[in-house]
1. Taking the Cα centre as origin and putting +1 on Lys and Arg beta-carbons and -1 on Asp and Glu beta-carbons, what dipole magnitude results for the chain, to the nearest 20 debye?
2. Given a Förster distance of 45 Å, report the FRET efficiency between I36 and S79 from their Cβ-Cβ distance, rounded to the nearest 0.05.
3. To the nearest µm²/s, what D does Stokes-Einstein give for region 44-131 at 25 °C and 0.890 mPa s, using the Kirkwood radius over alpha carbon pairs as Rh?
4. What GluC sites (Glu not before Pro) does region 153-210 have in DSSP loop regions with at most 16 other beta carbons within 10 Å?
5. Rg/Rh for the chain: what does it come to with C-alpha atoms and Rh from Kirkwood?
6. Using only Cα atoms, tell me the angle between helix 264-290 and the longest principal axis of the chain; keep it within 0 to 90° and round to the nearest 10.
7. With unit charges on the beta carbons (Lys and Arg positive, Asp and Glu negative) and the dipole taken about the Cα centre of the chain, which residue among L379, L126, L208 sits farthest to the positive side?
8. What is the local net charge at N325, summed over the other residues whose Cβ is closer than 13 Å to its Cβ (Lys, Arg +1; Asp, Glu -1)?
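Since every read-out is calculated from the coordinates, none of them should be taken as a lab result. These figures come from a predicted structure and were not determined experimentally. Glycine gets a Cβ as well: all are built from the backbone with ideal geometry, and neighbour counts include every protein chain shown.
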Amino acid sequence: MGVKKLRSIFMRYIFTVAGGILFIIAVNVGLYMLCINTEVIIPAMNIEDRIADAAEKIQADKLFDTADIPSFCDYGVYSPTGAFRYGSLSEDSADTFWEKAATNGKNVIHPYRVRIVDRGDEVILLRYRLTSQFSNPVLRRICPTSDFCLVGLIIIETIVLLLLVSHWFGKYTGRKIEKLLIVTQKIEKQDLDFKIESSGIFEVDRALSALEHLKQALKNSLAEQWQADKLRQEQISALAHDLKTPLTIIRGNTELLYDTILADNQKECADYIEGSVVRMQDYVETLIDMTKAKENFSFRRENVKLSFLLQEIHTQAKGLCAVKNIHLEWRENVDREYIFADSEQLIRGFANVLSNAIEYTPAGKTVFFEVYEKDNSILCSITDMGSGFSPEALKHAAELFFMGEQSRHSKSHYGIGLYVADSIITQHGGQLILSNSEKTGGAQVIIKIPY
């Protein structure tokens, strides 16, 4: 089957409808003529002839016989002075027709025609319609004019024809156009391993051809993206493994410091170093895990006491701030006692956000941490006094390896911290909201975690 244009399909539809209408008219006119020939229908041109024959017969007969009255005709018998005696006319209509026909001389009283036959001792008034009509009285009562019946039947049959042909046409073109929908749905789901077949309609095939090019381009793009993601994961894995050795050295030397006599402030600094190294080693292990599986983290969620969680975060925040001589302003306004979470991963996520805020806050300035409840969630606001997020960073700061602009960039910043934090918060059903603080002019990160 060849490829058709929509124009030819529409022309086929038009010709089908036109041919069907002509066929309907021909069949109905043929049936109409058959009804005339079999005297089922009395044509209008025969009405006057039959009335004339009946009038002549009534005039000639000695006695009036109702059998001489045609079946399509009503009659009334009057006295010579116009008094109604009997007939098929009602008394009211008999008087009205006598007055208009006999007295005023009218032979057309819409929609009827009238003919008067004077027999001397009585007068016969014949009332009839000058139109084609059924000879059967029941059919004539239902449809007084057979022409209207013919026209009505043609109209009804034409409407049925239009409905049937339109349904067929719609179903035919719908099946062809549906291929476009199927292809777009598959492309939307990134199911690109399929062959696009011809629809048989030129215009639809052109659209399918464009979708074929789009499918191939998307397939190539996804392949390139997959390769880039694979390379990125390999880089993460290599970076994580490279970090293991210096961290092990730092931890070993820190443990050696504990064997010496340390002042209280020195011991506190050593504790911070020890705790940070342990966290960094855990962090490196997490990065390695991220490269091994599609699921970024292995979560063990349970009911955690909120006060314990905040205390751990507070301790880490103080340690991070102490390194850069940054003041920490801490505010808590929560009544909830427990939260369903993985405490270890959640603390890690908060540590990444805090580390990011402290990194961009100048020495001697303040980092603000506020935790409160709203909309069945725990919200933690972390605000720094740095340069704030750029418009680009507000959109992409939580993406892996996003480095941002120079004002919020350092050699130690690899675009991982906020990405890891966002991944952890998302796994908890929460949300990481980035903005700039009107109060400090710096960056503000709100962590929202549902109960």
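1. Numbers: 50 positive and 58 negative charges, 256 e Å.
Dipole size: approximately 1220 debye.
2. On the way: r = 39 Å, r/R0 = 0.87.
Efficiency at R0 = 45 Å is approximately 0.70.
3. On the way: Rh = 12.9 Å.
My calculation gives 190 µm²/s for D.
4. Details: sites: E157, E178, E188, E197, E203; in loops: E197.
Passing both the DSSP loop test and the Cβ count: E197.
5. On the way: Rg = 49.5 Å, Rh = 32.4 Å.
Dividing the radius of gyration by the Kirkwood radius yields 1.52.
6. 40
7. L126
8. Numbers: positive: K318, K324, K365; negative: none.
My count for the surroundings of N325 gives +3.
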